[in-house]
Amino acid sequence: MKVLVIVGPTGVGKTSLSIKLAKILNGEIISGDSVQVYKDLDIGSAKITKAEMDGVEHHLIDFLEVDEEYSVATFQKEVREKIEEIYKKGKLPIICGGTGLYIKAVLRKYEFEENLKRDDFIKKYDSLDNEILHNLLKEVDPVSAESFHFNNRVRIIRALEYYEKSGKLISERKNSDIELYNSVIIGLRMERTKLYARINKRVDEMISEGLVKEVENLVSKRKYINAIGYNELFKYIDKKISLDDAIELIKQNTRRFAKRQFTWFNNQMNTNWIDVDELSKEEIVKNSLNLLKEIDFI
C-alpha cells in the first residue's frame, strides 16, 4: 500500500506542496500535526482553512476539545484507519506534518502498551500537577515530552518510570524497523537564516491575525494547551511578561523547534530532501514529482 509523506520544519511550505500533489496524484491528506487536532487553536497552530484546502479532503484536523488527551498511540491507530479508508477509495493517502515521532509510529511497527498498572509509581507523583510533571519529563527526555499532551499523566509517568528504571529514554527505545507501507518521505528544507526570517514573519502575522485574542478566549474557558505560541501568551495574560517579550519568545521557541524537527527527520527517517531556497512553488512540485518518478512511486 503506497503512502506519501511530506515533512520538514515549521514554516517551510509543506501545506502548499501537499495540496498541489494531492490534486495531481488523486490524493487525500492526513494531518501529521499533534496540535491541529484541537479545536480553537486555529491561528497559533497555523491550521489550514477550508479555502486553503482548495477542495482536497483533509483528515484529523479540528476534531478534539483542547482538554481532551491525544497520544501518539491514538494518532497511530486513527491514521492507519484513515490510510485504509483512503486506499479503499482508490486514492493516495498523503501524510503531511511536522510531528516526527507521531508520523514514524504510523509507518513503522511501533507497539504501545495500553492500560498499564503501576500504582506505586503513580502514587510517587500524586502531589505534582500535570504541568510540573510534564516539566520533569522535559528535563530528562524532551523528545517524549514534546510528543505527549501535558494532561496525559499516564504516558508522562510511564516515560519517567522507564527512565528511572532503565537509565534510558523511552523516545529512543528500539522498536521494530518493519515498514508497514510502501512509503516515500519527501522533506522540504531551507537555509537556516532564510527559514528563521520566515518564521519571524509568520509569528508577526499570527499576532496581527488575532492570536492574542485566541489565547484570551482559551483562558476565559479555562482551557490550556502546552504548545508554542500559547505557552508564551499565557504568561503574558498572567502578567508575568510583556507582550513584546512574549512575541520574541514565540519566535525564539519556534526557531528552536524548527531546528529539532530538521534533526529528527534527518536522523530518524529515510527522508528525501528538496532544498527549496531558490525554488518557486511550481518548481517544488515539479522536483517532487520527478523524485517520485525516479523511484517508481508513480
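For the range 39-60, does any single residue satisfy the condition of being β-branched (Val, Ile, Thr), out of contact with any helix residue (DSSP H, G or I) (no Cβ under 8 Å at 6 or more places or on another chain) and modelled with pLDDT of 95 or more? No.
Please indicate, with yes or no, whether at least one residue in the range 128-140 is under 24 Å from Ser288 (Cα atoms), modelled with pLDDT of 90 or more and either more than 21 Å from the chain's Cα centre (by Cα) or not aromatic (Phe, Trp, Tyr) (or both). Within the range 128-140 (the criterion being under 24 Å from Ser288 (Cα atoms), modelled with pLDDT of 90 or more and either more than 21 Å from the chain's Cα centre (by Cα) or not aromatic (Phe, Trp, Tyr) (or both)), the answer is no, since none of the residues qualifies. Just one residue in the set Phe257, Phe234 is in a helix (DSSP H, G or I) and without any contact (Cβ under 8 Å) to a residue 24 or more places away in the chain; that residue is Phe234.
Only residues that are under 30 Å from Tyr125 (Cα atoms), surrounded by fewer than 17 Cβ atoms within 10 Å (Cβ to Cβ) and modelled with pLDDT under 80 were counted across the range 164-206, and they come to 6. Which condition from (1) of a type in the set (Lys, Arg); (2) crowded, with 16+ Cβ neighbours inside 10 Å; (3) over 20 Å from Gly8 (Cβ atoms) is the one that Arg255 breaks? For Arg255, the failing item is (3). Scanning the range 202-218 for residues that are in contact (Cβ under 8 Å) with a residue 60 or more places away in the chain and not in a loop (DSSP other than H, G, I, E, B) turns up Arg202, Met206, Glu209, Leu211, Glu214, Val215, Asn217, Leu218. Residues that are closer than 28 Å to Lys259 by Cα, small (Gly, Ala, Ser) and surrounded by fewer than 18 Cβ atoms within 10 Å (Cβ to Cβ): does the range 70-85 have at least one? So far as the range 70-85 goes, yes, one or more of its residues are closer than 28 Å to Lys259 by Cα, small (Gly, Ala, Ser) and surrounded by fewer than 18 Cβ atoms within 10 Å (Cβ to Cβ).
Filtering Asn182, Asn200 for residues that are in contact with a Lys or Arg (Cβ under 7 Å, 6 or more places away or on another chain), among the polar types (S, T, N, Q) and closer than 30 Å to Lys2 by Cβ leaves a single hit, Asn182.
Residues in the range 185-214 that are over 18 Å from the mean Cα position of the chain (by Cα), farther than 19 Å from Asp42 by Cβ and hydrophobic (A, V, I, L, M, F, W, C): Met190, Ala197.
The values are calculated or read from the model by the stated rules, or taken from the named source; none is laboratory data. Being a predicted model, the structure only gives us computed values, none of them experimental. Here the Cβ is made from the backbone with ideal geometry for all residues, glycine too, and neighbour counts use every protein chain on show.
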